[in-house]
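Everything on this sheet refers to the single structure shown next.
Readers should treat all values here as calculations from the given coordinates under stated rules, not as data from a laboratory. Fair warning: this is a prediction, and the values are worked out from it, not measured in the lab. Here the Cβ positions follow ideal geometry from the backbone for every residue, glycine too, while neighbour counts run over all protein chains shown.
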Amino acid sequence: MKYVIEKLLEGILHGDDEHREWLTEAVNNWAEGLPIPEPRGSGTKDSLYKEIERLKQILEHNGITY
């Protein structure tokens, strides 16, 4: 089973170090029947939405409409 989990993680790991650590913990917890922790790090929907808002502000500050 450990090999299967390692192969799965190779295909799904993304985001920053903190997010990759969370993904690893979440997959291992799932395999052991333990609760999955709350997502953390960049790579989450919340961090994506924050980045979109930050970029919109930069565009607006520079007079660029979208």
Taking the structure as given and computing Cα extents along the principal axes in Å, which label from (1) 44, 28, 21; (2) 54, 21, 17; (3) 92, 16, 7 fits? (2)
Lys, Arg +1 and Asp, Glu -1 on Cβ, resulting dipole of the chain about Cα centre, debye, nearest 20: 180
Once Lys and Arg get +1 and Asp and Glu get -1 on their Cβ, which of PRO35, ILE58, VAL4 lies farthest toward the positive end of the dipole of the chain? ILE58
Counting alpha carbon pairs within less than 8 Å and at least 6 residues apart, what relative contact order, in whole percent, applies to the chain? 26
Can you tally the net charge around ARG54? Count Lys and Arg as +1, Asp and Glu as -1, for every other residue whose Cβ sits under 14 Å from the Cβ of ARG54. -2
Starting from 0.36 nm per residue, how many nanometres of slack lie between THR24 and GLU38 once their C-alpha separation is accounted for? 3.8 nm
